[in-house]
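The values are calculated or read from the model by the stated rules, or taken from the named source; none is laboratory data. Note that this is a predicted model, so its numbers are computed, not measured. Reconstructed Cβ throughout: ideal geometry from the backbone, glycine too, with neighbour counts over all protein chains shown. We work out accessible area using only protein heavy atoms, side chains counted, and drop any ligands, DNA or RNA first. Shrake-Rupley method; radii C 1.70, N 1.55, O 1.52, S 1.80 Å.
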Amino acid sequence: MSCVFCRIISGEIPAQVVARDEGATAFLDLSPLADGHVLVIPDRHVARLDDLDAPEAEALFRSVVRLSGPIRDALGADGSTIGINNGEATGQTVPHVHVHIVPRWKKDGGGSIHSIFSAGNRRDVSEVGDVLRAALDGR
Ligand code: 5GP
Ligand code: ZN
């Protein structure tokens, strides 16, 4: 088993585990972006969010929803940024799905999700809408 997150679930390598829910484990990030930066991972080793089946996805997000408020409040934070790097192109470094919960404070100097992206030429919105409606129809 080479995946570092699988090894954290099994207890093979140490981590600051903060919660074990049905189907999901939450632990502190080794290189936190803020105090209380938690990663929530599904039990099964899959790389991408869309590789999870519906019960696994429900368990993962149930855990994220359950934990996000108490994590924020325990750290005295004002909110949290919750995100997933989904695929190598997005900067995902560990190929085991993980949801970042990062506590945020009003004046912490960080940006919003919008700050990740640069402006650039974009396809016409209605054309993109057509493409996606066609791709998602019946799915
Ligand atoms: P990614 O960039 O893939 O979205 O995030 C991976 C995260 O996993 C990083 O924030 C990194 O600090 C964290 N991480 C990598 N290896 C370990 C580890 O062995 N233990 C813990 N607790 N976190 C890790
Ligand atoms: Zn894994």
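Between 0 and 90 degrees, the angle of helix 125-136 with respect to the longest Cα principal axis of the chain falls at about 70 degrees. Surface analysis of the chain yields an accessible area of 66 Å² per residue, using protein heavy atoms and a 1.4 Å probe. With contacts taken as Cα pairs under 8 Å at a separation of at least 6 residues, segment 4-136 carries a relative contact order of 23 percent. For the pair D35 and C3, label points projected 7 Å from Cα toward Cβ lie 3.2 nm apart. Expressed as a whole percent, the accessible area of segment 68-139 that falls on carbon and sulfur atoms is 55 (1.4 Å probe).
Under the rule a/c < 1.5 gives rounded, and otherwise a/b versus b/c splits prolate from oblate, where does the chain land using the Cα gyration tensor? Please list the in-between numbers first.
Working: a/c = 1.89, a/b = 1.29, b/c = 1.47.
Note, shape of the chain comes out oblate.
Using a 1.4 Å probe and counting only protein heavy atoms, arrange S2, S115, S63 so the residue with the most accessible area comes first. Walk me through the numbers on the way to the answer.
Numbers: S2 110, S115 80, S63 5 Å².
The residues order as S2, S115, S63, largest area first.
Using R0 = 25 Å, the C-beta based FRET efficiency linking D50 and V125 works out to 0.60.
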